[in-house]
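Each reported figure results from applying straightforward, stated rules to the coordinates on display, with no laboratory input. As the structure is a computational prediction, the values presented were derived from the model and not from experiment. Glycine also receives a Cβ, built like all others from the backbone with ideal geometry; neighbour counts cover every protein chain displayed.
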Amino acid sequence: MKADKERGFSLVELIVVIAIMAVLVGILAPAYLAYVEKTRIQRDESAADEIFRAAEIVVYAGEYDVTDQVLVTFDSQGIHLNAAIANVQQFEDMMKDHFGDQYNTAAPVSKKYRNQTYTVTILPPEDEQSVPRLAGAWS
C-alpha cells in the first residue's frame, strides 16, 4: 500500500482548482479585452495625429495645390495621398519614418475607427496674406 503523501491530488481538489481558474479568467478576460481595445483606439488616434502633422509640414512649406481640397485619407485600405501635394515623396518619407515598414499596410485597427475614414482637408487662405489651414476629422 502507498503512503498517504504519495497519493497525489483527488478529483475533487482538481475540480476546485479548475473552477477557481475559470472564475479568475471570467473576471480578467473582459478587463484585458477592454484594455486591448483602448490601446487600439489610442493607436488609431495617434496615427491620425501623425498624418495631420505631416500634412501640416507639407502645406506650410507651400508644397500643395489648393485646386484639390482633400490632401490625404486614412481608412481600412491604408493611407492615400492626393494630388494636392506637390512633393509627394517628402510626405511619404515622413509617414515611413513614423510607420516604418508598415506604412503601406497602415490602417485603423480599433472597432471604433475600423470602418471610418480620417480625412485631412486643405482650407484655402482667407486672403492673400494668410496661409492655408488644415482640418482633420474622422467620418
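Observations, loosely collected:
- Looking only at residues in the stretch 106-131 that are within 15 Å of residue 72 (Cα to Cα) and not in a strand (DSSP E or B), the one that is nearest to the chain's Cα centre (by Cα) is 108.
- Subset of the stretch 91-139 (residues that are in contact (Cβ under 8 Å) with a residue 40 or more places away in the chain, under 14 Å from residue 49 (Cβ atoms) and of a type in the set (A, V, I, L, M)): 94, 95, 106, 120, 134
- Flag if residue 136 is on the phi > 0 side of the Ramachandran plot and either of a type in the set (A, V, I, L, M, F, W, C) or not in a helix (DSSP H, G or I) (or both): no
- Considering each residue of the stretch 26-37 in turn, at least one proves to be in a helix (DSSP H, G or I), within 23 Å of the chain's Cα centre (by Cα) and in contact (Cβ under 8 Å) with a residue 24 or more places away in the chain.
- Selection status of residue 99, within 12 Å of the chain's Cα centre (by Cα), closer than 30 Å to residue 34 by Cβ and assigned to a strand (DSSP E or B): no
- Across the stretch 95-139, the qualifying residues are those that are out of contact with any Ser or Thr (no Cβ under 7 Å at 6 or more places or on another chain) and basic (Lys, Arg), and the one among them that is surrounded by the fewest Cβ atoms within 10 Å (Cβ to Cβ) is 111.
- Top-ranked residue of the stretch 39-95 - restricted to ones that are aromatic (Phe, Trp, Tyr) and outside any helix (DSSP H, G or I), ranked as farthest from residue 124 (Cα to Cα): 74
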